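The values are calculated or read from the model by the stated rules, or taken from the named source; none is laboratory data. As the structure is a prediction and not an experimental result, all values here were calculated from the model. Every residue, glycine as well, gets a Cβ built from its backbone with ideal geometry; the counts of neighbours run over all protein chains shown.
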Amino acid sequence: MNTAPFEQNIIAMVWDFDKTLISGYMQEPLFKRYGIEGKVFWSEVNRLGAYYAKRGIQVNRDTSYLNHILTYVKSGPLRGLSNRILRECGADLHFYPGLPELLPSIKRLIEQNPLYQTLGIRLEHYVVSTGFAETIRGSAVAPYVDGIFGCEFIESPALPGFKDDRNIEEEAEISQIASALDNTSKTRFLFEINKGANKYPGTIDVNSKIEENNRRIPFENMIYIADGPSDVPAFSILNKFGGTTYAIYPSGDRAALRQVDALRREGRIQMFGEANYSEGSLSWMWLTEQVSQIANHLVQKHVTNVRQSASVPPGHLNN
């Protein structure tokens, strides 16, 4: 008899990073370190599409900034940039109020409930970002997350035949892109988390066909938190498969409020709130409530399964 590989008793909170956990872009400490004007860099990035279109080349709008980073490395402004430096810049990131404290505290909400623990229910945090994975790894939230998916760089590329193994520098300038996430490909990592490919990389592939009742974390057990329109593809996946979606906007930013409210009215998200995760805030209350509701649903599902698996006991017959 085949048995299900996973108990499906895990809740996942999946976080965007820039403008969701922090108020700006994670590259700001890097630019400050090298004396680069961030507005100039991003202005150049915004013009790259038109610049290359004149040459008949189409570039990915979401990831073209990665190549521009490498251009800055090769041409001098970011000379010497390594993965170590990218990670060090993570320590200089400033998070929205209530972070990173919310991440461990919401896990404790599950861990300290005796009923949830009896059934093995637990919570995992993931970050899926179009930013630098190394910078996230060096940030204050890193100790509290169970997986980080982001853009990565190679410092010493393998030469033809890989004959340079003994000569690879322990630390060198970044020179190639190892992985690049855009706002559409972020959905791939939702499926990795859903199927368990991130936990069993040698056994489960993201493209493996797995029945929904055999996947590690059902979408209905997921909460996706992000800041707006660029995350519509991920929001759509969660909404389609019964997950939970939440959008963040900066406190006092009326334009951002209108933007996320439009997403709600269009059915793109289920709820939105200010970027304040302090205990007692709207975002804190709504997110902790959703986690509790998912956990309670798992409890009820377990009780129902137990009842349905037991036959009615024999009893006395009445004349």
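Figures for the structure shown
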quantity: Matching residues in the range 272-290 - criterion: being free of Cβ contacts under 8 Å to residues at least 40 places away in the same chain, at negative phi and out of contact with any helix residue (DSSP H, G or I) (no Cβ under 6 Å at 6 or more places or on another chain); calculated: E274, L282, M285, E289
quantity: Pairs where the first residue, in the range 291-306, is surrounded by 14 or more Cβ atoms within 10 Å (Cβ to Cβ) and the second is among the hydrophobic types (A, V, I, L, M, F, W, C) and assigned to a helix (DSSP H, G or I), C-beta under 8 Å, 6+ apart; calculated: V291/I106; V291/L109; V291/I110; S292/L109; A295/I110; V299/L115
quantity: Test: residue in the range 237-249 that is farther than 18 Å from T130 by Cα, part of a loop (DSSP other than H, G, I, E, B), among the small types (G, A, S) and in contact with a strand residue (DSSP E or B) (Cβ under 8 Å, 6 or more places away or on another chain); calculated: yes
quantity: Complete set of residues in the range 85-101 that are part of a helix (DSSP H, G or I) and out of contact with any helix residue (DSSP H, G or I) (no Cβ under 8 Å at 6 or more places or on another chain); calculated: E88
quantity: Within the range 102-132, tally of residues that are touching a residue at least 40 places away in the same chain (Cβ under 8 Å) and not in a strand (DSSP E or B); calculated: 13
quantity: In the range 221-261, the residues that are exposed (fewer than 14 other Cβ atoms within 10 Å of the Cβ) and small (G, A, S); calculated: G242, G252, A255
quantity: Selection status of D182, touching a strand residue (DSSP E or B) at 6+ places or on another chain (Cβ under 8 Å) and either assigned to a strand (DSSP E or B) or acidic (D, E) (or both); calculated: yes
quantity: Of the criteria (1) part of a loop (DSSP other than H, G, I, E, B); (2) modelled with pLDDT of 95 or more, which one N60 fails; calculated: (2)
quantity: Residues satisfying the stated conditions in the range 59-101, i.e. β-branched (V, I, T) and touching a Gly at 6+ places or on another chain (Cβ under 7 Å); calculated: V59
quantity: Breaking point among (1) part of a helix (DSSP H, G or I); (2) in contact (Cβ under 8 Å) with a residue 12 or more places away in the chain; (3) of a type outside the set (D, E, K, R); (4) buried (at least 17 other Cβ atoms within 10 Å of the Cβ), for G49; calculated: (4)
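Okay, residues lined up against (1) of a type outside the set (D, E); (2) more than 24 Å from the chain's Cα centre (by Cα):
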| position | (1), (2) |
| --- | --- |
| S43 | yes, yes |
| R79 | yes, yes |
| C89 | yes, no |
| E101 | no, no |
| N113 | yes, yes |
| Y116 | yes, yes |
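Here's the yes/no breakdown for (1) loosely packed, with under 13 Cβ neighbours inside 10 Å; (2) of a type in the set (S, T, N, Q):
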residue: N9; (1), (2): no, yes
residue: K19; (1), (2): no, no
residue: S23; (1), (2): no, yes
residue: P29; (1), (2): no, no
residue: K39; (1), (2): yes, no
residue: E44; (1), (2): no, no
